[in-house]
Amino acid sequence: MTAHAPVTPRQGPSTPEELLTVPQVMERLQLGRTAVYDLLRTRQLASITLGRARRIPAHELTDFIRTRLDQEAAA
């Protein structure tokens, strides 16, 4: 019997992007609806619009948090 290497998920263009709703972002950041929409309006947090639905790519939320942490560390 031979051992097989574990299969790792492929990363890259074929991997679907996780899109978050505003309520999901509210929960993750522990912010209210108005605060999240202010971040979107001022383009501090990037989003896309699908019809009338606003979605935030998960990597954009991660980048936003990382940037804020870097700013706090530099201050």
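The values are calculated or read from the model by the stated rules, or taken from the named source; none is laboratory data. Because the structure is a prediction, the values reported are computed rather than measured. Cβ atoms come from the backbone with ideal geometry, glycine included; neighbour counts cover every protein chain shown.
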> Just a yes or no: is a residue in the stretch 41-56 assigned to a strand (DSSP E or B), modelled with pLDDT of 95 or more, surrounded by 15 or more Cβ atoms within 10 Å (Cβ to Cβ) and touching a strand residue (DSSP E or B) at 6+ places or on another chain (Cβ under 7 Å)?
Replying inline: yes
> Between residues in the stretch 15-39 that are closer than 17 Å to ARG52 by Cα and residues that are β-branched (Val, Ile, Thr) and exposed (fewer than 13 other Cβ atoms within 10 Å of the Cβ), which pairs lie under 9 Å by C-beta distance while being six or more apart or on different chains?
Replying inline: LEU19/ILE48
